[in-house]
Amino acid sequence: MLFDNPQAQVRLKLMANTNQKSWGELAFLFGIALAIVLSFFPDTSDRTTPGLVLAVLGLIVGLFNITYKETNSFLVAAIVLLLVGSAGLDFLPYIGDWLGTAFINISHFVAPAAMVVAFKTVINLAKQS
């Protein structure tokens with residue numbers, strides 16, 4: 001058989017991990033870009049579809065892009081982004097409306113990713129003990 005070779009099996013596993021990682025990276029880049037672009041159209045923040053797309057991209061990032069080593073840094077960054085998103089930046093002159101909408105959109109993207117990473121961390125901690 002073609003895949004009876006242990007080296008071939010290792011290469012296939014590495015290719016699968018690389019493919020999952022690249023999907024996660026693309027979802028991350030697209031999610032951040034979409035959150036920023038949507039902030040230029042504040043009327044879309046009232047609709048369900050953009051938030052749903054950002055949430056699904058966040059789930060993909062949480063599942064495929066964040067490794068165990070990156071967990072602590074990612075969760076701290078996610079907490080900061082979520083706090084800034086809820087800070088009410090609308091009062092800033094000139095750019096406040098845009099910044100507020102941008103961070104709300106980023107919160108819609110980051111919150112599902114943080115939830116998935118937190119669940120994965122709890123599961124890993126339970127396995128270790």
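Each value in this text was obtained by applying a stated rule to the coordinates, not by laboratory testing. Not measured: the values here are computed from a predicted model. Cβ coordinates were reconstructed from backbone atoms using ideal geometry, including for glycine residues, and neighbour counts include every protein chain displayed.
Please list 56-66, 116-126 highest first by mean number of surrounding beta-carbon atoms within 10 Å per residue. All intermediate terms of the calculation are to be shown ahead of the outcome.
Numbers: 56-66: 21.3, 116-126: 13.5.
Result, highest mean Cβ count within 10 Å first: 56-66, 116-126.
Stretch Met115-Leu75 to full length: gain in nm at 0.36 nm per residue minus the Cα-Cα span?
Numbers: separation 40, 0.36 × 40 = 14.40 nm, distance 0.90 nm.
Length gained between Met115 and Leu75: 13.5 nm.
What is the extension gain from Val84 to Thr48, computed as 0.36 nm multiplied by their sequence separation minus the C-alpha to C-alpha distance, in nm to one decimal?
Numbers: separation 36, 0.36 × 36 = 12.96 nm, distance 2.17 nm.
Result: 10.8 nm gained on full extension.
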